[in-house]
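Report on the following structure.
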Amino acid sequence: MRRRNDLQAGITLVELLVVMVIMTIVSTMLIGVWFALTNASAFSSNSSVQQDNAREAVARMSREIRDAQAPADVNVSEFVMAQPNEIRLYTTFNDANADDPLTIPRLVRFFYEETDAATHSGAIYREISTGGAWGSRLLLVKNVVNQAQSPTRPVFTYTAFGDSGVYQSDSLADPSQIVDVTITALVDLNPGHSPAYVTLQTTVQPRNTLQL
């Protein structure tokens, strides 16, 4: 009778604790994998959106710079400022009457502005001059880290034709000498976490300026 009771004995407390520990370890591993996959999926989605925004921003600036057009009734160049982080130009881009040759080009600017002093990241904007004042600010792309690099990287650099011939610079005293403009946008795809940078760069030759 005693031997029969021994054979029908249940799980011991030690065995139960061992099973619980094993299940806890397995559950923790599964949860960890799930979080890792979720984070990877979120990063992939966010970085894809950020890359698309950056490409659209560079493409937008490229189109406007390429089609820069000086006003016919004012003795000014197509470009009125050429600085490392700002360019100003006249354009009819996105104007409702852009197809009309009599449409007066508007003065617009593209510029980088720091938005986070701690990380030196910022954004690139477009603004239209209306009545001598800047307004209608449009955000083109954020998390731009050109100024967070060492050395810093200008958003705009220029090839120009001056008295001494062709030269390159990130700042022109005479913007009318512009031959082409190189746009460089270094964007952080993973802000607030481990940096994941993508560099978008293109060189644009304006149609209405000096051609070499």
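The values are calculated or read from the model by the stated rules, or taken from the named source; none is laboratory data. Just so you know, these numbers come straight off a predicted model, no measurement behind them. Note: ideal-geometry Cβ built from the backbone for every residue, glycine included; neighbour counts use all protein chains shown.
Tabulated values for the structure
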| item | result |
| --- | --- |
| Qualifying positions in region 166-188 - within 16 Å of VAL155 (Cα to Cα) and among the aliphatic types (A, V, I, L, M) | LEU172, ILE178, VAL181, ILE183, ALA185, LEU186, VAL187 |
| Test result for VAL141, crowded, with 16+ Cβ neighbours inside 10 Å and without any contact (Cβ under 8 Å) to a residue 60 or more places away in the chain | no |
| Those residues of region 109-132 which are more than 25 Å from GLU78 (Cβ to Cβ) and of a type outside the set (A, V, I, L, M, F, W, C), in sequence order | GLU114, THR115, ASP116, THR119, HIS120, SER121, GLY122 |
| Residue match in region 95-107 (condition: of a type in the set (Gly, Ala, Ser) and either modelled with pLDDT of 95 or more or more than 19 Å from ASP188 (Cβ to Cβ) (or both)) | yes |
| Boolean, SER194 is without any contact (Cβ under 8 Å) to a residue 24 or more places away in the chain, part of a loop (DSSP other than H, G, I, E, B) and closer than 18 Å to PRO84 by Cα | no |
| Index of the failed condition, TYR125 passing every other in (1) of a type outside the set (A, V, I, L, M); (2) part of a loop (DSSP other than H, G, I, E, B); (3) in contact with a Lys or Arg (Cβ under 7 Å, 6 or more places away or on another chain) | (2) |
| Lone qualifier among SER121, SER136, SER176 - being of a type in the set (Gly, Ala, Ser), at pLDDT below 95 and buried (at least 18 other Cβ atoms within 10 Å of the Cβ) | SER121 |
| Top-ranked residue of region 162-177 - restricted to ones that are in contact (Cβ under 8 Å) with a residue 12 or more places away in the chain, closer than 26 Å to VAL145 by Cβ and assigned to a strand (DSSP E or B), ranked as farthest from the chain's Cα centre (by Cα) | LEU172 |
| Residue tally, condition closer than 16 Å to GLU86 by Cα and among the acidic types (Asp, Glu), over region 142-189 | 3 |
